[in-house]
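In what follows, a structure is listed as structure tokens, so that the remarks can point back to it.
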Ligand SMILES: [Mg+2]
């Protein structure tokens, strides 16, 4: 299903969100965090009763103290592990070693992402017609999830700039594509970071609404997209 809200101009490139646009990210993060806690429980006897809520508590504390820490999700995660395990009596030197091992595993688990075959198909079709660039606020690795062949480039929050909806990564994509923003279509699931972010920068915007959310009653809707789709396959219409 496609709903149109604004007049669409011809576009010559696409930028793509990753998390919750190309795959369902929540179960991946939840599985990763469960494995992380299990790893920590077995890494030292002082951490035997370490729980997910202990990790979450320090994660929140860090965000309160350093409100921009979420810009780099990996750094935030690393500092949360370090701080929470030292609160369980692990000395700093050992905590650094455990955190380093944990982060290596988290990186592995976090990128065990299954991309559905119809997503591969649509990305392949789109990438044959237009250059595609990935713009993510997360830490998924397009090489590890085997979708790098469709993208000419990836911009990641915390490494390439502040997260969407900030303009920086959209601007980097437009510069890389050597196109005016209005000739680029951004595709993403989030009304704030993707839809508002892209439109605020001057791009056209496609909202992927897989959960049948009502646009006008959504508290996250700061602006309307150019059009809305329920599945990525509807982008075929524009090829
Ligand atoms: Mg997303």
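The values are calculated or read from the model by the stated rules, or taken from the named source; none is laboratory data. Fair warning: this is a prediction, and the values are worked out from it, not measured in the lab. A quick note on method: Cβ atoms are made from the backbone with ideal geometry, for glycine too, and the neighbour counts reach across all protein chains shown.
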- prompt: So which residues in segment 1-41 are in a strand (DSSP E or B) and either surrounded by fewer than 13 Cβ atoms within 10 Å (Cβ to Cβ) or more than 14 Å from the ligand (Cβ to nearest atom) (or both), if there are any at all?
  reply: 2, 3, 4, 13, 14
task: Just name the residue that is nearest to the chain's Cα centre (by Cα) out of those in segment 178-197 that are more than 12 Å from the ligand (Cβ to nearest atom) and either part of a helix (DSSP H, G or I) or under 12 Å from residue 167 (Cα atoms) (or both).
output: 196
- line: Counting only residues in segment 208-219 that are more than 11 Å from the ligand (Cβ to nearest atom) and surrounded by 16 or more Cβ atoms within 10 Å (Cβ to Cβ), the one farthest from the chain's Cα centre (by Cα) is identified as 215
- prompt: In this structure, is residue 166 over 19 Å from residue 132 (Cβ atoms), in contact (Cβ under 8 Å) with a residue 12 or more places away in the chain and crowded, with 17+ Cβ neighbours inside 10 Å?
  reply: yes
statement: Reported set for segment 82-95 where residues are over 14 Å from residue 54 (Cβ atoms) and surrounded by fewer than 14 Cβ atoms within 10 Å (Cβ to Cβ) is 91, 92, 93
message: Name the single residue that is surrounded by the fewest Cβ atoms within 10 Å (Cβ to Cβ) among those in segment 177-207 being more than 23 Å from residue 129 (Cα to Cα) and touching a helix residue (DSSP H, G or I) at 6+ places or on another chain (Cβ under 7 Å).
response: 201
- prompt: Is it the case that segment 168-176 has a residue that's assigned by TED's automatic domain parsing to the domain that holds residue 233, away from the ligand (no atom under 16 Å from the Cβ), in contact with a helix residue (DSSP H, G or I) (Cβ under 8 Å, 6 or more places away or on another chain) and modelled with pLDDT of 95 or more?
  reply: yes
